[in-house]
Every structure is written in structure tokens, then in C-alpha cells.
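Here the structure is laid out as C-alpha cells; the discussion comes afterwards.
The values are calculated or read from the model by the stated rules, or taken from the named source; none is laboratory data. Since the model is a prediction, treat every value here as computed from it, not as a measurement. Cβ placement follows ideal geometry from the backbone for every residue including glycine, while neighbour counts extend to all protein chains displayed. Keep in mind that these areas ignore ligands, DNA and RNA; they rest on the heavy atoms of the full protein, side chains included. Shrake-Rupley method; radii C 1.70, N 1.55, O 1.52, S 1.80 Å.
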Amino acid sequence: MSEKKTILIVEDEEDILALIHYNLTRDGYKVLTATTGEQGVKLAGEQHPDLIILDLMLPGIDGLQVCRELKQRESTGHIAVIMLTAKGEEADIVTGLELGASDYVTKPFSPRVLLARIKAVLRRGEQPPADPDAEQVIELHDMLIHPGRNEVRVSEERIDLTYTEFRVLYLLASRPGWVFTRYQIVNSVRGDDYFVTDRAVDVQIVGLRRKLGEYGKYIETVRGVGYRFSDQDGA
Ligand code: CA
């Protein structure tokens, strides 16, 4: 890391705050802390951190509201947000991702996992995601995804996909490691003459995995949340 990245932690539980603070500082980050949502929004606007770790359960305005406010403001809208969530909060995770959060970590978590997620999100922030409109060819895990030709090859072999299956795959593969909710997939894939429902997304995924054979494993189900294309080799 050439320059110190700044991370703002918004968390009301002191022991968790201290644990994250300790690990981030040790890893070379500059750390800011807030124990309420209001304070978090204010600090983010003043200090412009590179990333925000945001607990969803906060006194006063909750984490989702904080996320909404941050993403709506021009000065903070671009800041990456990783949500801290509790088990069973899948609906809130979905809402948070749709509001623009980059990722989430479920409590209890290991500091190592949190640090890995932070690194991945910061790394993604530095490389702009493939723009679906730019129709770039994606090469990943021995797969070649060619949007201009609606064509996929795995280990040189051409796979026949329907148009919708292709768009779903292209969307997921354009941002490896990124969790997409069903709503985000529907929104991105739906054409003028198509209406894709949440359930239909699951059906498309089943079809995709089957056609991709052993490469189907790279499309990961994130239970209760959505789908993600693996950024790990040999996942
Ligand atoms: Ca909390």
C-alpha cells in the first residue's frame, strides 16, 4: 500500500469496534470511528474515508438509513460500504446491496475474513468494473465470454446459451466476487420484450449451471441474498 487508506467504522458495540479498530490499525489503515449513524454520516462527509464498515443495528438511525443517506449525497455516494450484519438479516442485506453497499460480513466474523473483504472491495474500487454497455470480452477461469457474439467458450468449447442466460452470466462475470441480488439481476437483464421475475432468475441460474458443466460451480448461490460469480480459482 503506497498511501494509507482511511476506513470509517460505524458500530455501537464497543468490543466489536475495538476488535476491528485493532486489526485495521495493525494492517496499516488509518481508522476513524463513530458509534451512531448520525455521527457516521457526519464523519463520512467531513473526512471522505476510502471505505466504511457499517453495522446495520445502530441506535437512532439504523445502518440501512445511513447507507441510503451516504449513497444519496454527492460527496459520499462513491465511498464503498461493507455492512456488518447479524444472522437472519438477509432481507436487510438485500436492501443494503440494492442501496449500493459493496459487500457484507455476518457476525460473528473473523478479523481475517473482514480484512480480506476490505482488500477485495478496495481493489475493485481501483479497477472500474466492466461496463456492460462497452461490451468487453471477459476472460476468466478458462472461460471466454464474448458479448458482441453472445458467445461463451469454456476450454475452447462453445456453449449454447439462451439470450437471457447469456446476459445473466455476463452480468455476474463482469464483477467477479460481487453479490448481485435477484432484483439487480432482473433489472439489468430485462429487455423490452422480456419480463424476468425473481423466480425466473433462479431458473436461469439452474439452466446456466447445467450448460456450463463443471464451470457451473463458479456461479455461487448466496443464500437468501442472490448470486455471485466466484473470483477464486478452482472454487
Ligand atoms: Ca450494533
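Keeping all protein chains in place, calculate the accessible area per residue for the chain (probe 1.4 angstrom), answer in Å².
Numbers: 12110 Å² over 235 residues.
Heavy-atom SASA per residue in the chain reads 52 Å².
Check which residues have an amide H placed less than 5 Å from GLY60's amide H, if you skip close sequence neighbours.
Correct list: empty.
State, in angstrom, two size descriptors of the range 132-229 derived from its alpha carbons: Rg to one decimal place and Dmax to the nearest whole number.
Final numbers for Rg and Dmax: 12.3, 34 Å.
Just the C-alpha atoms of the range 23-71: what Rg/Rh do they give, with Rh taken as the Kirkwood radius? Numbers along the way, then the final one.
On the way: Rg = 11.0 Å, Rh = 11.3 Å.
Ratio of gyration radius to Kirkwood radius: 0.97.
Roughly what would the spin-label model give for ARG26 and TYR163, points 7 Å off Cα along C-beta, in nm?
Each label point is offset 7 Å from its Cα along the Cβ direction, giving 5.4 nm.
Take the alpha carbon gyration tensor of the range 6-126, find the square roots of its eigenvalues, order them as a ≥ b ≥ c, and report rounded if a/c is under 1.5; if not, report prolate when a/b exceeds b/c, else oblate.
Details: a/c = 1.21, a/b = 1.09, b/c = 1.11.
Judged from the Cα gyration tensor, the range 6-126 comes out rounded (a/c under 1.5).
Using a Gaussian network model of the chain whose springs link C-alpha atoms within less than 10 Å, name the residue from GLY37, GLY148, GLY100 with the highest mean-square fluctuation.
The residue that fluctuates most here is GLY148.
Summing -39500 (n - 2.57) over the DSSP H runs of n ≥ 4 in the chain and dividing by its residue number, what mean residue ellipticity at 222 nm do you reach, to the nearest 500 deg cm²/dmol?
-12500 deg cm²/dmol
For Cα pairs less than 8 Å apart in space and 6+ apart in sequence, what is the mean separation divided by the residue count of the chain, i.e. the relative contact order in percent?
Details: 362 pairs, mean separation 30.4, N = 235.
Computed value for the chain: 13 percent relative contact order.
Carbon-plus-sulfur fraction of the accessible area of the range 6-126, 1.4 Å probe, in percent? All intermediate terms of the calculation are to be shown ahead of the outcome.
Details: 2860 of 5540 Å².
About 52 percent, which is the carbon plus sulfur part of the accessible surface.
Could you work out the local net charge near VAL225, counting Lys and Arg as +1, Asp and Glu as -1, over the other residues with Cβ closer than 13 Å to its Cβ?
Working: positive: LYS87, ARG182, ARG223, ARG228; negative: GLU89, GLU90, ASP92, GLU98, ASP103, ASP198, ASP202, GLU220.
My count for the surroundings of VAL225 gives -4.
I want the local charge near GLY37. Using Cβ-Cβ distances under 12 Å, sum +1 for each Lys or Arg and -1 for each Asp or Glu among the other residues. Don't skip to the answer; put the middle values down first.
Working: positive: LYS42, ARG68; negative: GLU11, ASP12, GLU38, ASP55, ASP62, GLU69.
Computed value for this residue: -4.
Using a 1.4 angstrom probe on heavy atoms only, work out the carbon and sulfur share of the accessible area of the range 132-229 in %. Walk me through the numbers on the way to the answer.
Details: 2270 of 5170 Å².
Ligands and nucleic acids excluded, carbon and sulfur reach 44 percent.
Residue by residue, what Karplus-based ³J(HN,Hα) values in Hz, rounded to whole numbers, does the range 72-87 have, using 6.51, -1.76 and 1.60 with θ = phi - 60° and x for Gly and Pro?
Ordered by residue, 3J(HN,Hα) equals 7, 8, 4, 6, 10, x, 8, 6, 5, 10, 10, 7, 9, 10, 9, 4 Hz.
Give LYS30/LYS119; LYS4/LYS119; LYS5/LYS119; LYS4/LYS107 a once-over and call out the pairs whose C-alpha atoms are over 19 Å from each other. Display every interim value, and only then the final one.
Details: LYS30/LYS119 14 Å; LYS4/LYS119 13 Å; LYS5/LYS119 10 Å; LYS4/LYS107 26 Å.
From LYS30/LYS119; LYS4/LYS119; LYS5/LYS119; LYS4/LYS107, over 19 Å: LYS4/LYS107.
Take the Cα coordinates of the chain, assign each an equal point scatterer, and use the Debye formula without solvent to give log10 I(q)/I(0) at q = 0.08, 0.10, 0.12 Å⁻¹.
-0.33, -0.50, -0.71
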